[in-house]
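Have a look at the structure below before the remarks.
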Amino acid sequence: MYSSSDRILLGSQRESRISKFRPWVLFVVPLLAILFQIYIPQFSKFMAYLDMPLLVTVYFSLMRRSAVAGTFIGALIGLAQDCLSKNPLGLYGIVKTLVGYFAASVGLRFDVDHPFIRLLLGFFFFFFHQFFAWVMFRALLGQQVGFDLQQTAVLGALNAVVALFLFHFLDRLRETS
Amino acid sequence: MDTLLSRYRNVTILVLVIMAQLVLLAYQVKSGSDVPLIRVWAVTAVTPLARTLEGARSGLSYFASNYVTLRDTTSQNRQMREELGRLKMENQYLRNELSTADRARALSVFQQHTQSRTLAARVIGAGAGVGSKVVLVDRGSTAGVQKGMAVVTPDGIVGRVMGAYPFSSQVLLITDASFAAGVVSQKNRVHGVLKGQGDANVKIDRVQSEEKVEVGEWFYTSGDDRVFPKGMPAGRVKIVRPGSPFQEIFLEPSGSQSGVEEVLIVLEGVHQQIPDLPVASSVIHLLPAPPPDDASGIDAPSSTAGPATEADRLRDRYKALGAAQKHTFGEGAPGSKPPDFNAPLPTATSPAASTPPVAAPPAATPAAQSATPRPAAPPASTPPPTR
């Protein structure tokens, strides 16, 4: 495990290793995340507050450490989520594209294997996602939706904790070099 | 130029991807139309997976519950005497039958009684997105479902179909903030617009402050929206706050109170009358019909004693007349000629032959009754009593 003296910033370019995944992992994991989002909340409303597609987007973008890959991963997962929601196509697509891009950019500078960094990034990107989605709803669709700062912060913390465990599990699906 | 592009390659790609999606978004917002093909692909791809998951879950829970029941029964049989165990199980069975309403059976009964043509469907998923108020049901356009159709349960309205795909449909629940439907109150026939709030309650909008709406009053669909047939229960008033120019009325939706699992999609809606009587709030249990009396009983009238009342004599007379004219009651088509009830009785065949002839009103004959249109059944959607 990590001790308090562990570095959270990458010292050199060599440390920022790109994690590789088998193609089926890149396909099945996002699909399962989307299925989770549409299937599980009908049994537990609490589960509806978890944004699994977002967490998966953040994970793959962070670990791939490629802004282009992050952009496309975010766009595809976001569009798939749009297809299964009532929103116009592109709404979550744009938001998750930005999340993927910035997550990949962050992955180049931080040690994203560090649990604390993951917790922080999970919270930050959930907040970013919700805020940007709110902006899109108001600015592009003209819908008068509210943004509850306190609730978003609590849900961000919840998603961050779930992200910690989810990322740990997904680490096992990485290809070992 | 090449160097510039390669230097800013990441940002260029990001901008291009976002621009493409913005164009897609702008097209949909501007034209007000959707991109159905992409949604059809996505939903059709996900439907079999969701169906498989649901099948596995229900199978597993069925097995688990049966296993637990079996274990309980075995331990009971070990611990208790045979007679006590049998009575307990019987008691348990009857309690379950009384206290838990089987949703599928309720839907089936509702389907048989409602005048609208409906299609039973099962919820197999929820809409993607945090706090989504959209559900996915396992019936699609191949089963006749179309966009805009009403979705109900025996308890009340649930939502409307917002997208019909080959094997599944998306249903916008009445609790969604973008949902609206025309409603009318039961007592004073106050018209309003039911709107979702994004939470468990819904709001009735556009009710003038001088209109009278009481807490506990029921609201029914008015049929004005051309989606829901008139007379389906929407919910019961929970809060009424005065306001200007419109009152603030909050409703507890009746259709989704106990969760939405099985629903009915209204394929062809038939408007119904809004019930005038207050809705029953408790179960009224009726005993079964009493068994026929024993003919050998002391007080039982003898079956050979002949007609006891004027009505019995009339019935016997009509039966005899029908038999003499080879008419079978109940089989005449509407408009067909009824038997002549003023004709003389056949000689010495009827026990009521000595009865003076009585002119029978034609409408009272069974044949005429069958030809008369039946009065509209009370709204089958009347909110069922509390279970």
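Give me, ordered by chain and number, the residues 5 or more places off B:Asp225 or on other chains with an amide H under 5 Å from its own placed amide H.
B:Gly182
Hey, with R₀ at 35 Å, roughly what FRET efficiency would B:Ser65 and B:Gln257 work out to, going by the Cβ-Cβ distance, to 0.05?
Details: r = 24 Å, r/R0 = 0.67.
Given R0 = 35 Å and the Cβ-Cβ separation, E is 0.90.
Roughly how crowded by other chains is peptide A:64-77, in terms of the mean Cβ count from those chains within 10 Å of each of its Cβ atoms?
2
Which whole number gives the average count of other chain Cβ atoms within 10 Å of the Cβ atoms across peptide B:11-19?
Partner Cβ neighbours, averaged per residue: 5.
When averaged across all projection directions, what area in nm² does the alpha-carbon convex hull of the stretch A:19-171 cover? Could you put the intermediate results ahead of the total?
Values: hull surface 34.2 nm².
Orientation-averaged projected area of the Cα hull: 8.5 nm².
Please give the FRET efficiency for A:Leu108 paired with B:Arg241, using the beta carbon to beta carbon distance and R0 = 60 Å, rounded to the nearest 0.05.
0.65
Check B:Gly235: other-chain or 5+ apart residues with amide H under 5 Å from its amide H, H built from backbone geometry?
Result for B:Gly235 returns B:Phe219, B:Ser254.
Sort B:Glu54, B:Glu210, B:Glu310 so the one with the fewest other Cβ atoms within 10 Å of its own Cβ comes first.
Going from least to most buried by this count: B:Glu210, B:Glu310, B:Glu54.
Once you list every other residue whose beta carbon is under 13 Å from the beta carbon of A:Met136, what net charge do they have if Lys and Arg are +1 and Asp and Glu are -1? Spell out each step's value before the answer.
Working: positive: A:Lys96, A:Arg138; negative: A:Asp82.
Spelling it out: positives minus negatives among the neighbours equals +1.
State, to one decimal in nm, how far the label point of B:Thr309 lies from the label point of A:Val154, with both points 7 Å from Cα in the Cβ direction.
6.7
To the nearest whole number, what is the average tally of beta carbon atoms from other chains within 10 Å of the beta carbons of peptide A:136-147? If you can, show how the numbers build up before the last one.
Details: counts 1, 0, 0, 0, 4, 3, 1, 2, 1, 2, 2, 0.
Rounded to a whole number, the mean comes out at 1.
Helix-only estimate, please: 222 nm mean residue ellipticity of chain A, summing -39500 (n - 2.57) across DSSP H runs of length 4 or more and dividing by its residues, to the nearest 500.
For chain A, the value works out to -21500 deg cm²/dmol.
Cα-Cα over 28 Å: which of B:Lys230/B:Lys337; B:Lys147/B:Lys195; A:Lys86/B:Lys195; A:Lys96/B:Lys238; A:Lys20/A:Lys86; A:Lys45/B:Lys30?
In this structure, B:Lys230/B:Lys337; A:Lys96/B:Lys238; A:Lys20/A:Lys86; A:Lys45/B:Lys30 exceed 28 Å between Cα atoms.
Which of A:Trp134, B:Trp41, B:Trp218 has the fewest other C-beta atoms within 10 Å, and how do the rest follow up to the most?
Ascending number of Cβ neighbours within 10 Å: B:Trp41, A:Trp134, B:Trp218.
Order of B:Glu252, A:Glu175 from fewest to most other C-beta atoms within 10 Å?
The order, fewest Cβ neighbours first, is A:Glu175, B:Glu252.
Any read-out appearing in this document is the output of simple, stated calculations on the displayed coordinates, not a laboratory observation. Quantities reported herein were computed from a predicted structural model and do not represent experimental measurements. FYI the Cβ positions are ideal-geometry reconstructions off the backbone, even for glycines, and counts take in every protein chain you see.
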